[in-house]
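Each remark here refers to the structure printed beneath this line.
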Amino acid sequence: MNLTLHVWRQAGPDDAGAFETYRAEDISDSMSFLDMLDLVNEDLTRKGKEPIAFEHDCREGICGSCGMMINGVAHGPERLITACQLHMRSFKDGDEIWIEPFRATAFPVMRDLVVDRNSFDRVIQAGGYISVRTGSAQDANATPIPKRDADRAFDAAACIGCGACVAACPNASAMLFTAAKVAHLSYLPQGQAERLERALGMASQHDAEGFGNCTNHGACQEACPKGISVDYIARLNRDVLKGTLNKAVGTPD
Amino acid sequence: MELNARIPDHPIDRMWERHRFDMKLVNPANKRRYQVIVVGTGLAGGAAAATMGELGYQVKAFTFHDSPRRAHSIAAQGGINAAKNYQGDGDSVYRLFYDTVKGGDFRSREANVYRLAELSLNIIDQAVAQGVPFAREYGGLLANRSFGGAQVSRTFYARGQTGQQLLLGAYQALERQVQAGTVQMNVRSEMLDVIVVDGRARGIVTRDLVTGRIEAHMADAVVLGTGGYSNAFFLSTNAMGCNVTATWRAHRRGAGFANPCFTQIHPTCIPQSGEYQGKLTLMSESLRNDGRIWVPKEPGDTRAAAAIPDSERDYYLERLYPSFGNLTPRDIASRRAKEMVDSGHGVGPMRNGVYLDFRDAIQRLGKAAVAERYGNLFQMYEKITGEDPYDVPMRIYPAPHYTMGGLWVDYDLMTTVPGLFAIGEANFSDHGANRLGASALMQGLADGYFIIPLTIGNYLADAPKMDVGVDHPAARDAVREVTDTQERLLAVKGNRTVDSFHQELGRILWDHCGMARTEAGLREALQKIPELRERFWKEVLVPGSGATLNQSLEKAGRVADFLEFAEVMCWDALTRDESCGAHYRVEHTTEEGEAKRDDENFAHGAVWEFKGVGEEPVRHREPLHFEHVPLSQRSYK
Ligand SMILES: Cc1cc2nc3c(=O)[nH]c(=O)nc-3n(C[C@H](O)[C@H](O)[C@H](O)COP(=O)(O)OP(=O)(O)OC[C@H]3O[C@@H](n4cnc5c(N)ncnc54)[C@H](O)[C@@H]3O)c2cc1C
Ligand code: SF4
Ligand code: FES
């Protein structure tokens, strides 16, 4: 198939940026979307032009590098996959495809489709862990954890930190990302000691990074390649509220 | 080059404990006076940086990724081994040790492997305490499975995302130390050289991938956890960014490179679908527990799988290895698949795969039970190929996957350059000539959490404290060299893309230094690689400048290093004139067609010394002694 691509090109963070149009020719069904971009890039390079910068690494939907907007949708038209898992059989001959970076104040564009997502790391730094020093752990089977809790923790822990939730959200909120980590650790007995502190710390860092508020659109869940549920956001809000109250009135002994 | 493995003189089962006692300690108040550089923040590097930060060292960590959470470790699917014996099925530290030495086909160091097996216990404890959501049984205890042909169930797993969950555990521990101020995290920062002062590693040179700035960073010791080099083959299951640059640059500065030809080819990957493809996808090995591997008996048979009756199918692994069948070790399963495809029995549009068929499993267990076990893998396969494995057998083919070779290290994980350490897949590790499934995560974490944080103190306590700044001549020279190389790459302005060279190199290595190696083939490769390298430096086209984010330039630097490294890989394969584990020399086969070791002449690690680009490197040996696991021939018939 032959396609027309409109790709966001931006030389650097301070550049205005604009769409440029390229042809992608002889594209086969079995190619992945990123294989297709590779091909376009090879062609651009041979013409002495700079190829389109985009992030990718694992190419199997797990590292969270490859976020981009494809026809206005984070990670493209298919549900529950990342851009690297999208295959060209989802498109047809003659299609026009618009490709843009994830856009959010807290994700500044660095070049073309590459954005800076280190705000996510700083949200994790604000409490997204269990404070356990190496070597100080008890035997792994000392505390049985009901399978249901372990499974729930896993579902939340599946987040790959891609940022699609932010890109899809009309408020550019990262509450789904933040809530997923808070939920993962709060379903586990090991995570209880720091539970409320964690929720408070991460939520306040979330706001400090310039992510927007959650107004319950649910666009994040739609866009999330790992099917992270918006229910975690309610759970996060409860913990934040509890933490705030505890702080205000002091914890009863 | 002096190779002293410094194996402590204690009985193997008390060795690590006694060594910990013997090692010198840095007193707690002094630790913050020491700076340690950790390059790479995957499982090994992330765990090391976090733990050394906890201990009080000043850690400077570097990754070329935008975040430590993106490291290639994230992609590990199957699981992590540990000798917990939670299943009560007869496992023990000794058994894991034994299996690993034997599985590595007797080309690893017993002392290190024993310690690895011991530390496997602590890893699981540590991970669970961090909140890693391993699979559990209904009673709430941890679940295990048997993996990669092991006779006991010792593999811990987190659905098909074990690497992801373990890496997130290490990443979170690391970010906690960043918050605490003990670790300074440098992302999008690629190490391009090691700085050696008076024979000791004292720093690194990095390029900031955003601004292009090239600068030196100094420290009292340098730890490399920069992963493996499977991408030398261009097509592999590794993430696109995996490369040899850090270890190769260290090698050029004097670190011995051990067993570079020990590369593992994984049998169950999705076959290439076209020339354009840049990466192959691994399908979990667990599929071989229930899938049956076959090809049409008739070469060139193009009928659909369903139209080929059982009598015209060759279930070749079951035929050749009646007792292990579809679960033969990775190297054997891979080699046999290649033979089938090479002899015209390949299936699929490009005739480049073999079938992995679940028809019988579905009949036996029902579709629901198969879906329960493999549902997500089937889905992933369908997304990629557009074929539904419930109806049409999967197609698989081997692909480069893991590299057992790496920087030579002693018992303390120090390379031949004092003060330079290597951990995780970057060292030549504990896997000998063949790594067992679910053992890489274990090794990376043992190195990172439990070994290096202690052994580094043993080095630092003794090392002369020198004040070497970034203006030291050695640092300035290294910065200048890196800058020159980069300018040369940009200045070629030829007419061929970096990828086209990488692809060509990959083809040479795959053909001649891949699953089956011959003397003639290796000699041919040793002729072709320097020619290709020469053309690279004349014809490569790297657009853009060095002062911005420039992915072509990043790739060009990595491919330039692969083009140098590939030669030593072939030298190693050529001079190891035996077959062992994943290294299969066609000239050395048993009557049954299996790898034939030559213990008399090759029971050693081969350690290479750099002599200049294009110069023949010098081969040294570390003799290996097998006092606990008697040398024996593997047999899977
Ligand atoms: C698809 C797949 C599945 C696997 N499944 C399993 C499994 O089930 N069980 C198992 O035990 N093993 C498995 N393995 C193997 C295992 O995942 C790896 O061996 C292991 O994760 C390597 O960890 P590492 O920390 O050594 O390196 P990596 O995770 O590769 O990390 C390397 C780090 O170094 C950095 N880096 C590299 N070079 C530079 C440089 N020049 N400058 C700065 N930074 C640099 C990178 O940014 C990264 O942070 C699998 C491998 C693959 C490919
Ligand atoms: S919650 Fe989903 S969309 Fe958001 S970062 Fe995590 S995986 Fe990506
Ligand atoms: S490249 Fe890793 S998730 Fe897409």
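Looking at A:100, A:60, just one residue is within 20 Å of the chain's Cα centre (by Cα), more than 16 Å from ligand 3 (Cβ to nearest atom) and surrounded by 15 or more Cβ atoms within 10 Å (Cβ to Cβ), and that residue is A:100. For region B:173-187, check the following and say yes or no: at least one residue is more than 30 Å from residue A:194 (Cβ to Cβ) and within 14 Å of chain A (Cβ to nearest Cβ). No. When B:565, B:536 are checked against the criterion of being open to solvent by less than 10 Å² (accessible area, probe 1.4 Å) and touching a Pro at 6+ places or on another chain (Cβ under 8 Å), a single residue qualifies: B:565.
Using the structure shown, decide if residue B:240 is within 16 Å of ligand 3 (Cβ to nearest atom) and touching a residue at least 12 places away in the same chain (Cβ under 8 Å).
Yes: the conditions hold for residue B:240.
The residue that is farthest from ligand 1 (Cβ to nearest atom), counting only those in region B:396-416 that are open to solvent by 10 Å² or more (accessible area, probe 1.4 Å) and in a loop (DSSP other than H, G, I, E, B), is B:416.
Any idea which residue in region B:417-435 is nearest to ligand 3 (Cβ to nearest atom), counting only those that are part of a strand (DSSP E or B) and out of contact with any Gly (no Cβ under 7 Å at 6 or more places or on another chain)? So that I can check it myself, show each step before the final result.
As a first pass, look at region B:417-435 and keep what is part of a strand (DSSP E or B): B:420-422, B:427.
Next, only the ones that are out of contact with any Gly (no Cβ under 7 Å at 6 or more places or on another chain) stay: B:420-421.
Numbers: B:420: 31, B:421: 29 Å.
Taking the candidates together, the pick is B:421.
Among the residues examined, residue A:136 does not qualify as in contact with an Asp or Glu (Cβ under 8 Å, 6 or more places away or on another chain) and assigned to a loop (DSSP other than H, G, I, E, B). Residue A:133 is checked against (1) surrounded by fewer than 21 Cβ atoms within 10 Å (Cβ to Cβ); (2) closer than 30 Å to residue A:37 by Cβ and fails just one. What number does that condition carry? Single failed check for residue A:133: (2). The single condition among (1) more than 8 Å from chain B (Cβ to nearest Cβ); (2) surrounded by fewer than 17 Cβ atoms within 10 Å (Cβ to Cβ); (3) of a type outside the set (Val, Ile, Thr) that residue A:89 does not meet is (1). Within region B:65-83, residues that are closer than 25 Å to residue B:554 by Cα and open to solvent by less than 10 Å² (accessible area, probe 1.4 Å) reach partners that are away from ligand 2 (no atom under 16 Å from the Cβ) and charged (D, E, K, R) with beta carbons closer than 7 Å, at six or more positions or on different chains, in the pairs B:66/B:188. Residue A:105 satisfies every condition listed in (1) touching a Lys or Arg at 6+ places or on another chain (Cβ under 7 Å); (2) assigned to a loop (DSSP other than H, G, I, E, B); (3) farther than 30 Å from residue B:137 by Cα except (1).
Please indicate, with yes or no, whether at least one residue in region B:268-277 is outside any loop (DSSP other than H, G, I, E, B) and aliphatic (A, V, I, L, M).
no
Going residue by residue through region A:35-44, is there one that turns out to be more than 16 Å from ligand 1 (Cβ to nearest atom) and either more than 21 Å from residue B:550 (Cα to Cα) or β-branched (Val, Ile, Thr) (or both)? So far as region A:35-44 goes, yes, one or more of its residues are more than 16 Å from ligand 1 (Cβ to nearest atom) and either more than 21 Å from residue B:550 (Cα to Cα) or β-branched (Val, Ile, Thr) (or both). In region A:176-189 there is at least one residue that is within 10 Å of ligand 2 (Cβ to nearest atom), touching a Leu at 6+ places or on another chain (Cβ under 7 Å) and open to solvent by less than 10 Å² (accessible area, probe 1.4 Å). Selection of region B:146-156 for residues being within 11 Å of chain A (Cβ to nearest Cβ) and open to solvent by 10 Å² or more (accessible area, probe 1.4 Å) yields an empty set.
Yes or no: region A:214-236 includes at least one residue that is facing chain B (nearest Cβ under 9 Å) and either more than 30 Å from residue B:449 (Cβ to Cβ) or open to solvent by less than 30 Å² (accessible area, probe 1.4 Å) (or both). Break it down into steps so the answer makes sense when it comes.
At the first step, the residues of region A:214-236 found to be facing chain B (nearest Cβ under 9 Å) are none.
Within region A:214-236, not a single residue is facing chain B (nearest Cβ under 9 Å) and either more than 30 Å from residue B:449 (Cβ to Cβ) or open to solvent by less than 30 Å² (accessible area, probe 1.4 Å) (or both).
Of everything in region A:116-132 that's touching a residue at least 60 places away in the same chain (Cβ under 8 Å) and within 13 Å of ligand 2 (Cβ to nearest atom), which residue is nearest to residue B:208 (Cα to Cα)? Ranking the candidates gives A:119 first.
Can you name every residue in region B:246-259 that is more than 14 Å from ligand 1 (Cβ to nearest atom) and open to solvent by 10 Å² or more (accessible area, probe 1.4 Å)? Listed by number, the list holds a single entry, B:254. A count restricted to region B:578-626 and to residues that are β-branched (Val, Ile, Thr) and open to solvent by less than 20 Å² (accessible area, probe 1.4 Å) stands at 1. Considering (1) away from ligand 2 (no atom under 13 Å from the Cβ); (2) in contact with an Asp or Glu (Cβ under 7 Å, 6 or more places away or on another chain), the lone condition that residue A:70 does not fulfil carries the number (2).
Cβ separations smaller than 7 Å between residues 6+ apart or across chains give the following pairs from region B:260-286 residues that are within 11 Å of ligand 1 (Cβ to nearest atom) to residues that are among the basic types (Lys, Arg): B:264/B:330; B:264/B:435; B:266/B:330; B:268/B:288; B:279/A:59. Filtering region A:82-116 to residues that are touching a helix residue (DSSP H, G or I) at 6+ places or on another chain (Cβ under 7 Å), closer than 17 Å to residue A:29 by Cα and among the aliphatic types (A, V, I, L, M) leaves A:83, A:86, A:88. Whenever a residue of region B:509-531 is open to solvent by 50 Å² or more (accessible area, probe 1.4 Å), it has no partner that is of a type in the set (Gly, Ala, Ser) and at pLDDT below 95 lying with C-beta atoms less than 6 angstrom away and at least six residues away or across chains.
How many residues are of a type in the set (Lys, Arg) and open to solvent by 10 Å² or more (accessible area, probe 1.4 Å) when one looks only at region B:84-135? Let's see the steps before the verdict.
Quick first cut of region B:84-135, residues of a type in the set (Lys, Arg) only: B:84, B:95, B:102, B:107, B:109, B:115.
Filter once more, keeping what is open to solvent by 10 Å² or more (accessible area, probe 1.4 Å): B:84, B:95, B:102, B:109.
Within region B:84-135, residues that are of a type in the set (Lys, Arg) and open to solvent by 10 Å² or more (accessible area, probe 1.4 Å) number 4.
Kindly check whether there is at least one residue in region B:86-109 that is touching a Lys or Arg at 6+ places or on another chain (Cβ under 8 Å), part of a helix (DSSP H, G or I) and either within 16 Å of ligand 2 (Cβ to nearest atom) or modelled with pLDDT under 95 (or both). Lay out the reasoning, then the answer.
Just the residues of region B:86-109 that are touching a Lys or Arg at 6+ places or on another chain (Cβ under 8 Å), to begin with: B:87, B:91, B:96, B:102-106.
From what's left, part of a helix (DSSP H, G or I): B:96, B:102-103.
Checking which are either within 16 Å of ligand 2 (Cβ to nearest atom) or modelled with pLDDT under 95 (or both) leaves us with B:102-103.
Yes: one or more hits.
Of the residues A:100, A:60, A:55, A:96, which single one is within 16 Å of ligand 1 (Cβ to nearest atom) and closer than 19 Å to residue A:5 by Cβ? It would help to see each step written out before you state the result.
On the way: A:100 fails: within 16 Å of ligand 1 (Cβ to nearest atom); A:60 fails: closer than 19 Å to residue A:5 by Cβ; A:96 fails: within 16 Å of ligand 1 (Cβ to nearest atom).
Being within 16 Å of ligand 1 (Cβ to nearest atom) and closer than 19 Å to residue A:5 by Cβ holds for just one of A:100, A:60, A:55, A:96, which is A:55.
Quick check on region A:71-86. Is at least one of its residues within 16 Å of ligand 3 (Cβ to nearest atom), touching a residue at least 60 places away in the same chain (Cβ under 8 Å) and assigned by TED's automatic domain parsing to the domain that holds residue A:210? The answer is no, given that none of the residues of region A:71-86 is within 16 Å of ligand 3 (Cβ to nearest atom), touching a residue at least 60 places away in the same chain (Cβ under 8 Å) and assigned by TED's automatic domain parsing to the domain that holds residue A:210.
Identify the residue in region B:123-144 that is at the interface with chain A (Cβ under 7 Å from one of its Cβ atoms) and under 23 Å from the mean Cα position of the chain (by Cα) and, among all such residues, is farthest from residue A:135 (Cα to Cα).
Pass one, region B:123-144, residues at the interface with chain A (Cβ under 7 Å from one of its Cβ atoms): B:124-126, B:128-131, B:133, B:136-142.
Pick out the ones that are also under 23 Å from the mean Cα position of the chain (by Cα) and you get B:124, B:126.
Numbers: B:124: 11, B:126: 7 Å.
Per the criteria, the residue is B:124.
Selection over region B:548-562 of residues that are at the interface with another protein chain (Cβ under 10 Å from one of its Cβ atoms) and in contact (Cβ under 8 Å) with a residue 60 or more places away in the chain gives a count of 3.
The values are calculated or read from the model by the stated rules, or taken from the named source; none is laboratory data. This one's a predicted model, so the numbers in the text were calculated from it and none came from an experiment. Please note: Cβ atoms are built from the backbone with ideal geometry, for glycine as well, and neighbour counts cover all protein chains shown. For the accessible areas, the whole protein counts, side chains as well, though only heavy atoms, and no ligand, DNA or RNA atoms are used. Shrake-Rupley method; radii C 1.70, N 1.55, O 1.52, S 1.80 Å.
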